[in-house]
Each structure stands twice: as structure tokens, then as C-alpha cells.
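Only one structure is covered here, and it is reproduced in the block below.
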There are 2 protein chains.
Amino acid sequence: MRQNPARRAALLDAAIEVLAREGARGLTFRAVDAEAAVPVGTATNYFSSRDELFMQVGLRFYERLEPDAGVLAAGLAGPRDRDRVTELMHDVVNRVSAFRSGYLALLELRLESTRRPALRELLSERIRADVDANIRYHEEAGLPGDATTVVLLYMALNWLILERLTLPDVFPEDGIHDLVTDVVERVLPGPGRSG
Amino acid sequence: MRQNPARRAALLDAAIEVLAREGARGLTFRAVDAEAAVPVGTATNYFSSRDELFMQVGLRFYERLEPDAGVLAAGLAGPRDRDRVTELMHDVVNRVSAFRSGYLALLELRLESTRRPALRELLSERIRADVDANIRYHEEAGLPGDATTVVLLYMALNWLILERLTLPDVFPEDGIHDLVTDVVERVLPGPGRSG
């Protein structure tokens, strides 16, 4: 069967919306077809099984959040100090939070992975690769801190995003910016650019 | 209708297992009855609606994790230094991780709360109360750090538990203990007991 890459991406984007809105059990081929407004039977032609669909959605999330080369290069212009880390962390928290359905879909996938070993293996590898890429970027850029710094930022800011997107009254929206700044300052004590 | 508190608790514990195993959509009165091995129709007599059942499960999670007064008092014996914070954090990470089905159920509830406003309100209040209680305990105990320290530990360690319970290959189990220690040392720099 001939596959159209743009249609395949559109089906995965539709699957993300279905997952976020209806949860893992709601993710059926038929629901994806309806969400993508394509004829019934289309998604079945693109994914061999529901397992395969779940896995491809996980990869699609990371594909959509991948910063382009320009953004990565811009992150390395100027001084490599704590203020730069703070800016990068604000950027990533805002970028990930703005893709709300994607983040909720990924949480659904995490929970679903406790029931699907192949999905668990794929997600573990993809997420570990993401953590490792963050560590490499941080170290190669000569930013302050080490691998543990990056892991600690990854953990704290992921939870902040989770809280923000599922229970936004726990940490009110108008305090999120300062909380991100505080996290970086606590994790990387010492002077920032002004010091 | 007469309600039996022990049976009510058993029904909520059954609901936690159903949620963790089958996800939010799988949480029906009938599934709870089956899990609790009680006659069909029992859960309906205890909870007025599925919304009510979801909310009571959220409260039950916190009820089961509440440390008893002895544990709280023991946490305050001895020096109030960073090593004490590290011990307390190891305790809480182990206690929460050991209640795997409860933690997975709470994640299901968080995602379900994006679809149920009453659940969202109740969970937000309960979780905020928990964060506030942790801050108060920390401050009243005279442990090092402040409210931001507690929030940062709450965020980082929650994500660590989430990763551990959903995708245990991202941070391998044999490194979890040291990672918790590292988190506390980064968040609270300066000498521990040995310093």
C-alpha cells in the first residue's frame, strides 16, 4: 500500500488529540480516522496494530517538540552562565507547556506502557535518549553545572509542567515564571550574569 | 442505607487497583464490585456517581500514605541537618514508590481531572494541602532550607517516582538511592552531618 508521509503525520497528530481528550482506551483506529476527518479505514492502512499506533504517537511527540537547528544555535550565543540556563529553561517549559495535548498524550502513553511491554521499551529508549541529548548539549555548550544538574532540572521542570497542565490551581499560573527561575537558582547557586 | 466504613475502604482500595490496572475508563461500579469480590450493586450503594467514586479514590490515596504520628515524631529526633533531610526524602520516596498501584491510580485521576471539573477542584485542594503541610513540617522542624526548597524537592522527587513506576529503565533501580541523595545535596548545598 502506498503511504503519504503528510497524511501519516496528520493521523498521528489526530491520535495525539484523541489520546489527550479521551485517554488511552479511547485511542482506536476509528477515533483517529474521525479526528483526522479521513475515510474510515485510513488509519488501519498506516499502522499495523494498536500497539504500533501507540508507539508511533510517542515518537511523533518528540518529533514535534524537536527544536530546529536555529533555536539550538541561538541558545549558544552569548555568555554561558546561569542566566543563560535560566533562559533556556524558560524556553523549554513554555515550548512544552504550549503543546498541552502532546504532553497529556505522552502521560497517557506512560500509563499505557505499564500494560504494553513493547511501548514501555520504546518510550524508555526515546526518553533516555532525550535526557542524554540534554546532558550532551549542556556539557558541549560549556554551561554551568554537570549531568546531575541537567537530570535535576529535567525532573523538577517536568513535574512543574505536569502540575501546570493537569491541576493548574496547585501552582498558580502567575507564579510559574518565578518558580522556574527559582529552580535554576537553587540548582545552580552562585552569581548569575549580574554577579 | 447503612454503610460499613471497613467495606467502604475496601471498595476504594479495589477502585485503586482497577484504576492502576485498567485506566480511568475501566473504573466502573461493576469492576469495583468484582475487584472487591462483593455482590454486584455494592459499590453503587456507597458512591452516588462515578464522579463521586473518582473523588473518593483521590482522598483514599492520601489517607493510605499519611504517615502515623510516630513516624512524624521520629523524623524530628536528632540533629536537624541536611543528612536528616536526605533520610526523610529516602523514606518518602520509598514509601510512595511501594504503593505503586496508588501512585499510578493518582496519575490516572490527574489525567481524568482534565475532563471532570469537580475532580480537578478536589485534587488541586488536596495536593496543595499536602504541599503546604510539607512546608509547614519542614519549617516547624527547623530543617535546613525554606518553602522553595520543599517545593523543589517535591517536584524533582515526584518526577523520579513517576519515572521509576512507569518507565523504570530510564533511571535504573540501582541508581535511585544515590539520585535521591544527589538531589538533596544539590538543593541544599553546604556540609551535611559530617561537615
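The values are calculated or read from the model by the stated rules, or taken from the named source; none is laboratory data. Here the structure is a predicted model, which is why all the values come from computation and not from measurement. Every residue, glycine as well, gets a Cβ built from its backbone with ideal geometry; the counts of neighbours run over all protein chains shown.
With the requirement that a residue be outside any loop (DSSP other than H, G, I, E, B) and buried (at least 20 other Cβ atoms within 10 Å of the Cβ), what does the range B:133-145 give you?
Correct list: B:His138 only.
Any residue that is of a type in the set (A, V, I, L, M, F, W, C), under 30 Å from A:Arg50 (Cα atoms), away from chain B (no Cβ under 12 Å) and assigned to a helix (DSSP H, G or I) - is there at least one of those in the range A:89-106?
yes
Which residues, taken from the range B:146-170, are farther than 22 Å from B:Leu111 by Cβ and crowded, with 18+ Cβ neighbours inside 10 Å?
Within the range B:146-170, B:Thr149, B:Val150, B:Val151, B:Leu152, B:Leu153 meet the criteria.
Quick one: in the range A:149-178, of everything that is out of contact with any Ser or Thr (no Cβ under 9 Å at 6 or more places or on another chain) and among the charged types (D, E, K, R), which residue is nearest to the other protein chains (Cβ to nearest Cβ)?
Within the range A:149-178, the match that is nearest to the other protein chains (Cβ to nearest Cβ) is A:Glu163.
Considering only residues of the range B:15-51 that are closer than 20 Å to B:Leu165 by Cβ, of a type outside the set (Val, Ile, Thr) and touching a residue at least 24 places away in the same chain (Cβ under 8 Å), which is farthest from the other protein chains (Cβ to nearest Cβ)?
Filtering first and then ranking leaves B:Ala15.
Test each condition in (1) under 24 Å from B:Arg60 (Cα atoms); (2) not in a helix (DSSP H, G or I) for B:Leu153 and report the one that comes out false.
(2)
Return yes when A:Asp130 is at the interface with chain B (Cβ under 10 Å from one of its Cβ atoms), part of a helix (DSSP H, G or I) and under 26 Å from A:Gly102 (Cα atoms) and no when it is not.
yes
From the list A:Leu27, A:Leu109, A:Leu11, pick out the single residue that is over 30 Å from A:Ala141 (Cα atoms), assigned by TED's automatic domain parsing to the domain that holds A:Asp182 and either out of contact with any strand residue (DSSP E or B) (no Cβ under 7 Å at 6 or more places or on another chain) or not β-branched (Val, Ile, Thr) (or both).
A:Leu109 is the lone residue from the list that is over 30 Å from A:Ala141 (Cα atoms), assigned by TED's automatic domain parsing to the domain that holds A:Asp182 and either out of contact with any strand residue (DSSP E or B) (no Cβ under 7 Å at 6 or more places or on another chain) or not β-branched (Val, Ile, Thr) (or both).
Residues are listed down the side, and each one gets a yes or a no for (1) free of Cβ contacts under 8 Å to residues at least 24 places away in the same chain; (2) more than 18 Å from A:Asp178 (Cβ to Cβ):
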| position | (1), (2) |
| --- | --- |
| B:Leu152 | no, no |
| B:Leu157 | no, yes |
| B:Ile161 | no, yes |
| B:Pro168 | yes, yes |
| B:Pro172 | yes, yes |
| B:His177 | no, yes |
| B:Val187 | no, no |
| B:Gly190 | no, yes |
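Output the number of residues of the range A:107-127 satisfying the condition of being in a loop (DSSP other than H, G, I, E, B) and either touching a residue at least 12 places away in the same chain (Cβ under 8 Å) or among the polar types (S, T, N, Q) (or both).
Of the residues in the range A:107-127, 2 are in a loop (DSSP other than H, G, I, E, B) and either touching a residue at least 12 places away in the same chain (Cβ under 8 Å) or among the polar types (S, T, N, Q) (or both).
The conditions are (1) more than 23 Å from B:Val93 (Cα to Cα); (2) facing chain B (nearest Cβ under 8 Å), and A:Pro117 fails exactly one of them. Which is it?
Failing condition for A:Pro117: (2).
Mind checking which helices (runs of 4 or more DSSP H) fall wholly inside the range A:1-79 and carry at least 1 residues that are modelled with pLDDT of 95 or more and surrounded by 14 or more Cβ atoms within 10 Å (Cβ to Cβ)?
Per the criteria, A:5-22, A:29-36, A:42-46, A:50-65.
Please go through the range B:179-191 and give me each residue that is more than 8 Å from chain A (Cβ to nearest Cβ) and either modelled with pLDDT of 95 or more or in contact with a Ser or Thr (Cβ under 7 Å, 6 or more places away or on another chain) (or both), ordered by number.
Those that are more than 8 Å from chain A (Cβ to nearest Cβ) and either modelled with pLDDT of 95 or more or in contact with a Ser or Thr (Cβ under 7 Å, 6 or more places away or on another chain) (or both): B:Val180, B:Thr181, B:Val184, B:Glu185, B:Leu188.
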